[in-house]
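Everything on this sheet refers to the single structure shown next.
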Amino acid sequence: MLIFILITSFTLVGCMSKSQHYYATGDHAAMIREFDSKEGFHALNSIDLHYLCPSFLAMRKYQKSLQCADELESRDKSSVNALGQIFTPSILKVRAYLIKLQTYLDTGDFAKAVEYGEKAYDLAAQGGFSLFTGMDGLGIDILGDLGLAYAVSGNRDKAREMINKLDQYSMSIMRGYVFEPYRQLQKIRIAFALKNYDEVLSLCKLNEGIFDGKWWANMPGHRFSYSKLNMSFIKAKSYYESGNIHAADELYTLLLNTPNISESSDIYYYSLSDLGSIRLAQARHSEGIELLSKAVDEIELQRSTIATESAKIGFFGDKQTAYKTLIGALFAQRQYKQALEYVERSKARSLVDMLAIKTNFAIRSGNERQVRELLAKQEIEEQESLIGESISQRSNTRGLIIKTKEQLKRQTGEIASLVSVTSMSVEEIQKFIPVDETLIEYYYNEKNIYMFILTSQDLSAIQFEIGTLMEDIRAFRKSLGNASGIQHEEIAKRLHEKLIKPIESSFKTTKVIIVAHGALHYIPFYALRDNKDYVIERYSIRMLPSASVLNYLQGKKPSKPGDILAFGNPDLGEPKLDLVYAQNEAIAVSQTRPHSKVFLRKEATEAALNKYGEGFRYIHFATHGEFDADKPLNSALLLAVDAENDGRLTVDKLYSMKLNADLVTLSACETGLGKIVNGDDIIGLTRGFLYTGSSSIVASLWKVDDLATSQLMVRFYRELDRSDKRESLRTAQLEIKKQYPHPYYWASFNLTGNAD
C-alpha cells in the first residue's frame, strides 16, 4: 500500500511541485502524461520520479512500475521536495522496494513481493527504524506491506511477527495522532489476509469510527477516499466467513448502496457474489441469481481481473467462485441452458485471465491494422476506467469499452475471445455439432459435478455429489504408472461409474466430443471401463477445451508442399534427457510420407520450426515438455537452443505464431502421472496450438514407453491414409493395446480439435 501522507494543511498545497500535487490528488493519468517522457526515467529528478512510480501501479502498468522502481533504487543522492522533506538514498531505495512489493502482490508473485519487502525491512532495520521515524509513516508502510506479503504467501508466523512489531512501533504524540488510524489499518489488513476473521472484527470494534474521515481533515482526502469503503468490505466479509450471515447481509446491502461502490470494481463484484450466495441460502433464488449475474458481468467487463483495490487489504478471492455459485443455482432451478452458457463463460474467463499480460497476438483474420488499433484502444479505455473520478465518467468509459469490444468481435471473433469473455449460446453451439456426434461437457465445484449432454437437437443434464472424485483421479493416475500392476482396473471402474455410466443412456452416437474441466483434463477417458471392456472399444472420442471453440476450428486446410515436419530428441544439454526412441520415432514417422523433413538433436530448434513450419501439413514433436499449472503461459515444449531462441517453445510464443497445420502431434510430452492441479497446463498448450491455426492436436497426458509410442505413432500416420484423425488414433491405440494391454502404453494420447 504505497501511501504518502502529507501532514500539512490544505493551505500548503499551493507550495507543492506539480508531481507532488498530482500524487496528492491521485491524478495518475495527468502524472503519467506529464512525466513519462521519451527521454526516460533517468531524465527525471528523484522527487518527480518518487511521485511518478505509484501512478504506474494505479494504472496497472506493471512493467513500467518495475522500471520506474529500478531507476528510483539507483539514485544515490539526497533530494528535498517543495515542502522541505528530505529524501535520502535509503528512503528512495525503500520506496522502490515497496513499489516492487505492491507490483508483485498485484500480479500474484507473492515470493517476489516478500523478497522486496524483506529488502525494505532490512534497510530500515540497519538504523533501528529510527531513520524513518517521522518520515510519513514509512516504517508503518514497511511493516504493513511486508506483513501482508507474508500472509498471502502462507508464512503465518512472519505475518504475525509484523503485527506484533506494528503494536510496538513508536511515534511522537503529534505523528501518532495522524498515523494511528493507518497503523491500525495495517494490523487489520494483515489479520484479514490471514483469514483471522474474529481478530479482524475485534480490531474493527476496538477502532470503531477510526476511518470515518475526521482523522484526515488536515490532509488531501483523496489519498484515503477508499479506506471507509474497504473497511466496510472487510467487516462484511469477516462476518460472512465467520457465519454471522445476518450481520453480513446488512453490511453488504449497505455497501452495495454506496454511491461510489462501482469505482472499486473488485470489491463491488465480491460483494455482489457474497450477497447473492446469502440470498440463495435464504431461498430467495431469483434475487440470488440476479446478484450473481451482476457479479459475473462486472468480472467480465475488463480484460484483467487483477484485484488492485482488494489486494491493498490482502484479499485475493477466486473470481471463478461467482461462476460456480451461479451455475449451481441455475442448475438447481433446472435452467440447464443458462447453466451451460455460464459454464462456457467461466472457461472463457479462465482463458482471458491466462492471456491477460499477452499483447502481441498473431492476427489470423480481419484487418490487421484495425485489429491492433482496437486492441490498443481497449487497453487505454480499461486503464481510464480505473481512474474515473466520477460515476458518470466511469459509466461513459465502460460504455466505450463495450463498444470497442463489439467492434473487435466484428473484425475478428477469435482475437476478441482472447481479450474479453465471448462465448456462444447453446443454439449456436448446436449448429456446429455434427449429427453423428454427442458432446459431453463436464463442470464441477466443491460439492457437485454437472454433466451436460448436447446434440445438434437436444440438451439434457444431470448432477451428482463430487465425493471422492478428485482422490480417484489422483489414484488412477498413480496406478497407471505401474505398468505391471492391475490396481488401475478397479479405479477405472469407479471413474466410469461416476463419469460415463450416468449419461451413457443419453448417448445418441458412438462418436463423442468431451469438454473436460479442471482435474478431469488429466483423465484418459479411453482407459475407463465397466465390467466388460474399456471405453475405447465402444466409443470414438475427441476433446475440446470448450464447446465454443467449435466456432474457431479450421476447416479444410490449404494444400502444402510438405507432408511431415518432425522434431526428435533435441539436444537439451543433459544426457539423462536424451530420448533415443523419440529420435527413431521422428525418423520413422517422417518416412511414412514422401515429402517430409526431420530435425534431430542440435538441429531440432525453434528457428527450424519458424523457418519451415508453415510449409508442412503435419508437425510432429518427439521431445520433453515442461508444464506450469500456476503460469500456463510458461508451459513449453523443449527444443535445442539456437542463436536466437532459448529452446523453450512456450504457450506465450504460440499465440504469436501462424502454423496453419492440419495436425500437430506432441509425443513424449509429460505432465507427470502424480500431478493433478487445475488442467490449465494441458489446456494452455493444446489451445495455443489451436490458435496457431492447427486443426487438430494429438498430445500425451504422460511420458509413455518410448518403444510403444514409436510404434503407435507410425501406425497412426499410416492410418491417416484410410481414416479420419480420430479413428486413425483409436485404431493405432487398439493395435498397441493388443501387444501392450496395460493402459499406460496406449491410453495416454488424446485428439483435440477437428476429427476430419
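Every number in this text was worked out from the coordinates using simple rules, so none of it is lab data. Not measured: the values here are computed from a predicted model. Cβ atoms come from the backbone with ideal geometry, glycine included; neighbour counts cover every protein chain shown.
Could you give the length gained on full extension between K560 and A607, defined as 0.36 nm per residue of separation minus the Cα-Cα distance, in nm?
Full extension of this stretch gives 15.0 nm more.
222 nm [θ] for the chain, helices only, -39500 (n - 2.57) per DSSP H run of 4+, per residue, to 500?
Theoretical 222 nm ellipticity from helices: -16000 deg cm²/dmol.
Check cross-link reach from K725 to the lysines: straight Cα distance under 16 Å, and skip same-chain residues fewer than eight apart.
K511, K556, K557
With +1 on each Lys and Arg Cβ and -1 on each Asp and Glu Cβ, and nothing else charged, work out how big the dipole of segment 234-354 is about its Cα centre, in Debye to the nearest 20.
300 debye
Of the listed peptides 193-205, 613-625, 646-658, what is their order by residue-averaged count of other C-beta atoms within 10 Å, with the highest listed first?
By packing density, highest mean first, the sequence is 613-625, 646-658, 193-205.
Based on the mean of other Cβ atoms within 10 Å per residue, sort peptides 362-369, 574-581, 64-71, 469-476 so the most packed one is first.
So the order, starting with the most tightly packed, is 64-71, 469-476, 362-369, 574-581.
Show which lysines lie in cross-link reach of K478 when reach means a straight Cα distance below 21 angstrom and same-chain residues fewer than eight apart are skipped.
Of all the lysines, those that pass the test against K478 - Cα under 21 Å, at least 8 places apart if same chain - are K493, K498, K675, K703, K737.
Would you please put 20-26, 696-702 in order of how densely packed they are, using the mean number of other Cβ atoms within 10 angstrom per residue and starting with the highest?
Ranked by mean Cβ neighbours within 10 Å, highest first: 696-702, 20-26.
Please name whichever of S505, L400, T752 sits farthest to the positive end of the charge dipole of the chain, dipole taken about the Cα centre and charges placed at Cβ: Lys and Arg +1, Asp and Glu -1.
S505
With θ taken as phi - 60° and the coefficients 6.51, -1.76 and 1.60, list the Karplus ³J(HN,Hα) couplings across segment 526-533 in order, rounded to whole Hz; mark glycine and proline as x.
Coupling constants for segment 526-533: 4, 8, 6, 8, 9, 6, 9, 7 Hz.
For K195, give me every one of the aspartates and glutamates with a C-alpha distance below 13 angstrom, ignoring sequence neighbours fewer than eight places off in its own chain.
Reachable aspartates and glutamates: E241.
Putting +1 on Lys and Arg Cβ atoms and -1 on Asp and Glu Cβ atoms, find which of L138, F179, S55 reaches farthest to the positive end of the dipole of segment 10-194.
Positive-end residue among those listed: F179.
If the limit is 27 Å between Cα atoms, which of K319/K431; K64/K631; K237/K324 go over it?
Beyond 27 Å between Cα atoms: K319/K431.
Between I357 and T468, what length in nm is gained on full extension when 0.36 nm per residue of separation is reduced by their alpha carbon distance?
Going from the current span to full extension adds 36.4 nm.
By how many nm would the segment from D530 to D646 grow when fully extended, if each residue of separation counts as 0.36 nm and the alpha-carbon distance is taken off?
Length difference between fully extended and current span is 37.1 nm.
Assuming R0 = 41 Å, can you tell me the calculated FRET efficiency for the pair A30 and D76, based on Cβ-Cβ distance, to the nearest 0.05?
After rounding, the FRET efficiency stands at 0.90.
Which residues' amide hydrogens lie under 5 Å from the amide hydrogen of R601, considering only partners 5 or more residues apart or on another chain, with H built in the peptide plane?
Those qualifying (amide H under 5 Å, at least 5 residues apart or on another chain) are G568, D571.
Quick one: dipole size for the chain, taken about the Cα centre, charges +1 on Lys/Arg Cβ and -1 on Asp/Glu Cβ, in debye to the nearest 20.
Using only the charged Cβ atoms, the result is roughly 740 debye.
Based on the Cβ-Cβ distance of H246 and D167, what FRET efficiency does E = 1/(1 + (r/R0)^6) give at R0 = 25 Å, to the nearest 0.05?
That gives a FRET efficiency of 0.20.
Hey, could you grab the Kirkwood Rh for the chain? Inverse mean 1/r over distinct alpha carbon pairs, Å, one decimal.
Its Kirkwood hydrodynamic radius stands at 28.3 Å.
What pairs from K294/K347; K576/K597; K38/K61 go past 20 Å between their alpha carbons?
K576/K597
Assuming R0 = 41 Å, what is the FRET efficiency of L206 and Q333, from their Cβ-Cβ distance, to the nearest 0.05?
After rounding, the FRET efficiency stands at 0.40.
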